[in-house]
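**Student:** Sending over a structure as structure tokens; questions will come in a sec.
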Amino acid sequence: MSKIAAAFQGGKAFIPFITCGDPDLETTGKIVREAAANGADLIELGIPFSDPTAEGPVIQSANIRALSGGVTTDRILEFVRTLRQDVTVPLCFMTYANVVFSYGIERFAKKCAEIGVDGIILPDVPYEEKDEFAPVCQQYGVDFISLIAPTSEDRIAMIAKEAAGFIYVVSSLGVTGERAQIQTDLTAVMQKIRENTQIPCAIGFGISGPEQAHDMAQLADGVIVGSAIVKRIGENGRDAAPVVGAFVREMKQAITK
């Protein structure tokens, strides 16, 4: 069992998303440590990209702030190496195919293994194109995380059978961002996944508060929250770590009730 899959063994998993370098890497480190201390079971670290097609305005703005501050892929990789001196929860990079292509797929996967990154999520890589990435990741013991959306339909079984680590279930169509309500019928999606794999599933996109998180945790093994956290970082800047820590604690409590 991979470290990512193992993160779901202790009950419902809470997975925060944090954009690296927003507002700077020192603050990102403080936020990651606060999240881990307050119940995060797995942490997604966003590597900023200039054209993040899956992201709504909140995370797009965080990407712009981070890139404007001079963050680079190399700096983030070295940052994570330092982070691993005391942070033990599983870590997963979320970025875009172009970032990994530019760095070199094998070079990137090898580096992830060296510094202690357990998985990679590339939301712009469809199932049909994952063979460019997944076998290389597997070679280096890094989980290539699959996404399943409400529109996956007939492809759900195929994606689920070949998934590694956990399955990222996209709750809503469109880009990331807080939503007042999640109206997608995820029960049918989850049922189809369960028929084809025992790998843990976490629901993300649009979850903004404890009540939504609690509801989604009834369907899945974990809950992913990005925009609501990134929004708090944008509002609080270098003072965001304790704010995020308190929010993570609240959300973790909500999904374990």
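No lab work stands behind these numbers, since they all come straight from the coordinates. The model shown is predicted, which means the values in this text are computed figures rather than measured ones. Counting neighbours? That spans all protein chains shown, and the Cβs are built from the backbone with ideal geometry, glycine included.
**Student:** Please list 84-90, 18-24, 120-126 highest first by mean number of surrounding beta-carbon atoms within 10 Å per residue. Mind showing how you got there, number by number?
**Tutor:** Values: 84-90: 14.6, 18-24: 25.0, 120-126: 20.1.
Peptide ranking by packing, descending: 18-24, 120-126, 84-90.
**Student:** Same structure again: For a quick check, take a GNM of the chain with Cα springs below 10 Å and name the residue from Leu147, Leu91, Leu67 with the largest mean-square fluctuation.
**Tutor:** Residue with maximal mean-square fluctuation among Leu147, Leu91, Leu67: Leu67.
**Student:** Would you report the distance distribution of C-alpha pairs in region 50-113 as whole percents per 10 angstrom bin, up to the bin with the largest distance?
**Tutor:** Calculated over all Cα pairs of region 50-113, the distribution is 17, 48, 34, 1 percent.
**Student:** Here is a follow-up. Using a ≥ b ≥ c from the Cα gyration tensor of region 112-257 (square roots of the eigenvalues), is it rounded, prolate or oblate, where a/c under 1.5 gives rounded and otherwise the larger of a/b and b/c decides, a/b for prolate? Present the calculation step by step, with values, prior to reporting the outcome.
**Tutor:** On the way: a/c = 1.91, a/b = 1.28, b/c = 1.49.
Judged from the Cα gyration tensor, region 112-257 comes out oblate (a/c at least 1.5, b/c at or above a/b).
**Student:** When the helices in the chain are scored as -39500 (n - 2.57) per DSSP H run of 4 or longer and the sum is shared across all residues, what 222 nm value do you end up with, to the nearest 500 deg cm²/dmol? Let's see the in-between values first.
**Tutor:** Numbers: 12 runs with 113 residues, N = 257.
Computed mean residue ellipticity for the chain: -12500 deg cm²/dmol.
**Student:** State the Cα centre-to-centre distance between region 236-252 and region 68-143 in whole Å.
**Tutor:** With region 236-252 and region 68-143 each reduced to a Cα centre, they are spaced 25 Å.
**Student:** A further question follows. Nearest 20 debye, what's the magnitude of the dipole of the chain about its Cα centre given +1 on Lys and Arg Cβ and -1 on Asp and Glu Cβ?
**Tutor:** Details: 23 positive and 32 negative charges, 119 e Å.
Computed about the Cα centre, the dipole is about 580 debye.
**Student:** Summing +1 for each Lys or Arg and -1 for each Asp or Glu, what net charge is found among the other residues whose Cβ lies under 11 Å from the Cβ of Arg65? Before the final figure, lay out each step's value.
**Tutor:** Working: positive: none; negative: Asp22, Asp24.
Local charge sum for Arg65: -2.
**Student:** Using +1 at the Cβ of each Lys and Arg and -1 at the Cβ of each Asp and Glu in the chain, identify which of Cys112, Ala240, Phe166 lies farthest towards the dipole's positive end.
**Tutor:** Farthest towards the positive pole: Ala240.
**Student:** Assuming a strict under-29 Å limit between Cα atoms, what lysine pair count do you get for region 3-255 once near-sequence pairs (fewer than 8 apart, same chain) are dropped?
**Tutor:** 29
**Student:** Ok, one more. Nothing charged except the Cβ atoms of Lys and Arg (+1) and of Asp and Glu (-1): what's the magnitude of the dipole of region 17-108 about its Cα centre? Round to the nearest 20 debye. Don't skip to the answer; put the middle values down first.
**Tutor:** Details: 7 positive and 12 negative charges, 27 e Å.
For this selection, approximately 120 debye.
**Student:** Next up: Grab the beta carbon distance between Asp86 and Glu132, set R0 = 41 Å, and tell me the FRET efficiency rounded to 0.05.
**Tutor:** On the way: r = 34 Å, r/R0 = 0.83.
With a Förster radius of 41 Å, E is 0.75.
**Student:** Roughly what would the spin-label model give for Ala113 and Asp215, points 7 Å off Cα along C-beta, in nm?
**Tutor:** 4.3
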